[in-house]
1. Distances over 28 Å make up what percent of all Cα-Cα pairs in the chain?
2. Starting from the Cα-Cα distance between Ala281 and Gln263, subtract it from 0.36 nm times their residue separation and give me the gain in nm to one decimal.
3. Run the reach check for Lys336 against lysines, Cα to Cα strictly under 19 Å, same-chain hits fewer than 8 apart removed. What comes back?
4. Expressed as a whole percent, how much of the Cα-Cα distance distribution for the stretch 47-162 exceeds 20 Å?
5. Show me, for the stretch 317-329, the HN-Hα J-couplings you get by feeding each phi into the Karplus relation (A = 6.51, B = -1.76, C = 1.60, θ = phi - 60°), rounded to Hz, glycine and proline as x.
6. Taking the mean number of other Cβ atoms within 10 Å as a proxy for protection, how do you rank 100-107, 317-324 from highest to lowest?
7. Compare Met186, Met141, Met343 in a GNM of the chain, Cα atoms joined below 10 Å, and give the one with the largest fluctuation.
8. Quick one: order Ser345, Ser339 by neighbouring beta-carbon count within 10 Å, fewest to most.
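Values quoted throughout were computed directly from the atomic coordinates according to the rules given, and no laboratory measurement underlies them. Since we're looking at a predicted model, the values are computed, not measured. Here the Cβ positions follow ideal geometry from the backbone for every residue, glycine too, while neighbour counts run over all protein chains shown.
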Amino acid sequence: MNAPTGRPQCGHTQAFGLDTGPVSTAPVIQPEFFEREREAIFRHQWFNLLKRADEIPNPGDFFVRDIEVLGTSVVVARGPDGQVRAFHNVCTHRGNRLVRAADGCVKGWQCDFHGWTFATDGTVQFVPDEGQFFDLDKSKMGLPSVHLDTWAGFLFVNFDATPRQTLEQAMGDFNQDLKPFPFDQMICAGRWRYHVKANWKVTMNAFQEGYHVAFVHKRSAPDAFTGTDNPYCNISHMKLQPNGNQHLSVPGNPAHDLSPTEQIAFKFGSTFTQGTGGRGAYPGTQQDKSDDWGFELNILFPFSRINVGAGWYYLDAFWPVSQNETVYELAYYFPKPKSAAEMISQEFSKIVLRDLSREDLYTNEVTQRALNSGAIKNITLSDQEAAVRHLYRTVERLVGR
Ligand code: FES
Ligand SMILES: [Fe+2]
């Protein structure tokens, strides 16, 4: 059976109190709207850094993340005391960018302008020619901190002086619905970044519905997510939260005809295209809500996701850069492979996901170009695209129309 069994009788749109009218293209083609999003949303949100605290396990481990939409850069480091902290990546002497490396393990960082040195807990360690300064109190010159918190082991930062809500509050129903997933039993197996010439919402929209699957992915996934009972990949279960978070269960087709490579891959591990494949239920999923469960998309408003399947998960984010530019980043997690065969199986799954994503991203760019022409003023959405509508309505509510 490959029918959307978890769909409410009245449809998703009505079930979540959404309207059925047209959706304006202004929020994706107007640079002024992007500026308003920056002030109303991005300055206050928790940013999912797509990394786990256990990926920087040792004192001195660090990584840098540039947050382009806020024109800033953050360093996340495990200090000598074992605590993980986040700092603005700026030297407190005259404001030089302090850390140039993307990641590493160090005792501290030396600014390459005048040599001030900082420990990985943010404290100043050494100031060259210190006697030339006036009343310099080094204990007050540490790196400016950024709010950092973890959820299920994932690192998040918030640049507000006082965050409007805690990370736990921002996660909403995911605290019950998603947190029990065994995230800590899997490790990062691959990471990609793509620069996309499209608005962040246009880019994300292609990942919020199954309607496009039969067309955009007709060659790469001809029957993995679509079948005779569900030819247009209707989402089997949806939960749209008032805070903008979304859950979508993507259907899998139990009658999916495995390619020879896929048969080998599935023998040694879980693959992206196989659904449960009889491998049992995972905690922290909504498998029991539909008979055709394939995998799940969990969108943390505004633009990052924690997507889970049977034996894998991937994190991704649609990092806004400008009205017309987005960086799409994806990190794939699997159980640590115990054999070369398991590793090959995981590589297969990674490549399938990579190819599917590229097909989506290409479509996003040409869609954005067509929207920028101004030829249409609204987009028209079906019930299967309720999550797309929900995103626009949430953004409009926060930013204003
Ligand atoms: S700006 Fe960093 S030492 Fe001067
Ligand atoms: Fe897609």
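1. The share of Cα pairs beyond 28 Å in the chain comes to 50 percent.
2. 4.4 nm
3. Cross-link targets: Lys51, Lys267, Lys350.
4. Here the tail beyond 20 Å accounts for 39 percent of pairs.
5. For the stretch 317-329, the Karplus-derived couplings read 8, 10, 5, x, 10, 8, 3, 10, 9, 9, 9, 9, 10 Hz, x marking Gly and Pro.
6. Working: 100-107: 13.0, 317-324: 21.1.
Result, highest mean Cβ count within 10 Å first: 317-324, 100-107.
7. Of the options given, Met141 has the highest mean-square fluctuation.
8. Ser339, Ser345
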